[in-house]
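Visitor: Starting off with a structure, shown below.
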Amino acid sequence: MVSVMLIVIMITPVFAEGPVVLQGDDGGSPPVILGIWEQDLSGVLEDGDSIHSYRGAQFLPPCNGEERKTVQFYAMVTDRNGPGLKAVNGEIQQINGSYHETIPLMRVSETDGIGAAEMSGAANLIHYSIGFSGKDVMTALRNGTASVWKGELTFPSTLNAGIFTVSVTGTDTLDQYSVSLKNSFAYHPVACIEYDFTSVNYGSAGLGTDKWVLGDDVFGTGDKPTVRNTGNVPARIRLTQDDMDFGQDMQGAWNVKYNARMGTSDNTSLYSPGDNVLISEVVSQGSIEPMDFSIQVFRGTGSHAGSMILGYDSLPSEQPGNDELPGLLVPEFPGIKEFMESIMQIIDLD
Ligand SMILES: [Ca+2]
Ligand SMILES: [Ca+2]
Ligand SMILES: [Ca+2]
């Protein structure tokens, strides 16, 4: 009896190919998740860290209207049963959030799997199970003792910014579960402010009268100004206008004044040319708000045109506790073209 046990122990290394993990018994040992990662469809694997300065994945909202955010989940799995792996599942949830999804991962072809693993490994995205190196895992993928599995999730761009955890588990044909492997990714806080107007036409007005252009809550009716936020944190609008060449009087007072308000608020911001105005109302993520603008001319004649510059400040996430989360970096320059937008303003004096 003792000698038989010894033979088993000695034989095992003789048949071993590659890392120790790939050895098992006749199928009775559970699968092992060797490594997992997340990537997006941006072409650079993670649009929140395109040069891969930070370990793991950092993502941004698409900032493109109704477009949703898609994240792909990959796992590299081994089991002595090889093709007898039955299922691989991912559980994704947001820390301090209500978002919680469980998705199946499907096996991808060996060629596709190896290609994806090489790219994500080079981008420092992969979280390996303790005891396994990238080299171990690549060897296992190449000799066919491990396989790559992939799942996908698409969520609204306006989902709160924050940290998401990913937990992947595999099952073999004997219904034995692997230990789950956990990772996390960041959905970076970015407000995506979009306007449906490229000009504000005050029309014709008399001197000294307050002439308003009223917005609506329909995005796409540019003659009635509207702003929306398709990002994942709230924002406040900033704006400044030039003097449309109305100039100043002898005492240095401007010959024109402006006013603006947003949403359903009665709060208005009265300002002069060159003032940097911060609208007090907040554009929440996912909301569509009307913007109203007015002009009052004290001295001048004829037609005037000028420019208005619109910008915004991102506000902290509405997600409670998100400000305490580690590793949630705010991109210094998110590369959003709407960050500052210059539009035309026009008026005809009666
Ligand atoms: Ca097994
Ligand atoms: Ca990264
Ligand atoms: Ca509109």
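Visitor: Going through the range 38-128, which GluC sites (Glu not before Pro) have at most 15 other Cβ atoms within 10 Å and a DSSP loop state? Mind showing how you got there, number by number?
Guide: Working: sites: GLU38, GLU46, GLU66, GLU67, GLU91, GLU101, GLU110, GLU118; in loops: GLU46, GLU66, GLU67.
The qualifying sites are GLU66, GLU67.
Visitor: Here is a follow-up. Evaluate the charge dipole of the range 19-187 about its Cα centre and quote only its size in Debye, nearest 20, assuming +1 on the Cβ of each Lys and Arg and -1 on the Cβ of each Asp and Glu. Show your work: numbers first, answer last.
Guide: Details: 10 positive and 19 negative charges, 42 e Å.
Dipole of the range 19-187, to the nearest 20 debye: 200 debye.
Visitor: Now, a different point. Positive end of the dipole of the range 19-187, charges at C-beta (+1 Lys, Arg; -1 Asp, Glu), about the Cα centre: which of ALA140, ASN64, TRP37 has its Cα farthest in that direction?
Guide: With unit charges placed on the Cβ atoms, the residue in question is ALA140.
Visitor: Also, quick follow-up: Give me a comma-separated list of calculated 3J(HN,Hα) values for the range 275-288, in order, Karplus coefficients 6.51, -1.76, 1.60 applied at θ = phi - 60°, integers in Hz, x for any Gly or Pro.
Guide: 5, 9, 9, 10, 5, 6, 6, 9, 8, 5, 5, x, 9, 10
Visitor: Apply the Karplus curve 6.51 cos²θ - 1.76 cosθ + 1.60, θ = phi - 60°, to the phi angles in the range 101-106 and return the couplings in whole Hz, x for Gly and Pro.
Guide: Residue by residue, the range 101-106 yields 9, 10, 10, x, 9, 10 Hz.
Visitor: Something else: Pull up all non-local amide H partners of SER307: gap of 5 or more, or a different chain, and H-to-H distance under 5 Å with H placed in the peptide plane.
Guide: Excluding prolines and chain starts, which carry no amide H, the hits are ASP242, MET244, GLN345.
Visitor: Next question. To the nearest Å, what is the center-to-center distance of the range 107-132 and the range 180-222, using C-alpha atoms only?
Guide: 41 Å
Visitor: I would also like to ask the following. Going by a ≥ b ≥ c, the root eigenvalues of the Cα gyration tensor, does the range 30-75 fall in the rounded group (a/c under 1.5), the prolate group (a/b larger than b/c) or the oblate group? Don't skip to the answer; put the middle values down first.
Guide: Values: a/c = 3.62, a/b = 1.71, b/c = 2.12.
The shape class here is oblate.
Visitor: What is the magnitude of the charge dipole of the range 177-248 about its Cα centre, with +1 placed on the Cβ of each Lys and Arg, -1 on the Cβ of each Asp and Glu, and no other charges, expressed in debye to the nearest 20?
Guide: 540 debye
Visitor: Pop out the ³J(HN,Hα) list for the range 92-100 in order, Karplus 6.51 cos²θ - 1.76 cosθ + 1.60 with θ = phi - 60°, rounded to Hz; leave Gly and Pro as x.
Guide: Here the 3J(HN,Hα) series is 10, 9, 9, 5, 6, x, 9, 6, 7 Hz.
Visitor: Search the structure for amide H atoms under 5 Å from the amide H of LYS86, placed 1.01 Å from N in the peptide plane, and list their residues when 5 or more places away or on another chain.
Guide: Placed amide hydrogens put THR171, ASP172, THR173 under 5 Å from LYS86.
Visitor: OK, next. So how strong a dipole does the range 38-107 carry about its Cα centre when Lys and Arg Cβ are +1 and Asp and Glu Cβ are -1, to the nearest 20 debye? Don't jump to the answer; show the numbers that get you there.
Guide: Values: 6 positive and 10 negative charges, 77 e Å.
In total the dipole reaches around 360 debye.
Visitor: Can you work out the base-10 log of I(q)/I(0) for the range 19-187 at q = 0.08, 0.15, 0.19, 0.21 1/Å, using the Debye formula on its C-alpha atoms alone?
Guide: -0.23, -0.78, -1.19, -1.40
Every read-out reported here was derived from the displayed coordinates using simple, explicitly stated rules and does not represent laboratory data. Bear in mind the structure is a predicted one, so any value in this text is a computation, not a measurement. Neighbour counts are summed over all protein chains in view; Cβ atoms, including those assigned to glycine, are modelled from backbone coordinates with ideal geometry.
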